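Below: the structure, in structure tokens.
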Amino acid sequence: MNGDTIKDPFYQKNYGDGKKEIILTDNIFKLQETLQFINFEQEVDARWNLVETAWNLQINPNLLEVKHDSLKQELFVDSLMRRIDITSVRDALNGYQKGKCFYSYQDIFLNKGSENICEVDHFLPHLNKKAHTAEEANINGVWNLVLADPKINSDKSARVPHRRYLERLYNRNEFYIESKHPLAETIINQTGKTKEKRRIFLQSQYNLALSYSIHEWEPWIELPGNF
């Protein structure tokens, strides 16, 4: 995985004695005992839908642009003048926040029946869309979307997060890119081809958003971090 072996593999290959078997290890069954297992099926479906769409479209990666529908809370692409819906934004983003609120690290949930279902938040406020567009930045891009606990998101509203969360956003986006996730190409196309260019892009957009803001926002609760 990304040029190395994952720390806790969930399967082993048994190709000896003429066999071709995949043996599941205890690690995958331990997942069922965790709180985030409730999100597991939706997240797996989302990742597969992204991969399958990327394969079927056969688009040059440099041209791949996964878009966000804020009304339907879905990701989609435009191909040959037609829209192709891919998956829920929540389901696609969850794994790269390890099932936690981006700001407070509280557990978040994806299932629509949950009263505490997480919300999709624009890290840099959508309110200043025109200013960012003038700088050729897509404020609705995946790079600027995070999942948040609904109470935390309500408190944040259209304010700019404290500067220390900008590094967290950068790290989250790099997780996508390093894992070769289908959203990686979209983030690269939206923010820059190299790590340095992506860091400069985020800092520039953050400074722009802050110039329209009175002060920086922080959540009223923040648990020990895990990403």
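The values are calculated or read from the model by the stated rules, or taken from the named source; none is laboratory data. All values derive from a computational prediction rather than experimental measurement. In this analysis, Cβ positions are derived from the backbone assuming ideal geometry, glycine residues included, and neighbour counts consider all displayed protein chains. Note: areas computed on protein heavy atoms with side chains; ligands, DNA, RNA excluded. Shrake-Rupley method; radii C 1.70, N 1.55, O 1.52, S 1.80 Å.
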> In what sequence, largest accessible area first, do 201, 29 appear using a 1.4 Å probe?
Replying inline: 29, 201
> Cα atoms only, the stretch 165-227: Rg and Dmax in Å?
Replying inline: 13.5, 38
>> Can you give me the convex hull volume of the Cα atoms of the stretch 117-227, divided per residue and expressed in Å³?
In response: 108 Å³
> Looking at the stretch 109-173, which trypsin sites (Lys or Arg not before Pro) are DSSP coil and have at most 11 other C-beta atoms within 10 Å of their C-beta?
Replying inline: 112
> Within the set 67/180; 7/98; 112/156; 100/130; 13/100; 30/193, which residue pairs have Cα atoms separated by over 27 Å?
Replying inline: 100/130; 13/100; 30/193
> To the nearest 0.05, what FRET efficiency results for residue 69 and residue 45 with a Förster distance of 25 Å applied to their C-beta separation?
Replying inline: 0.90
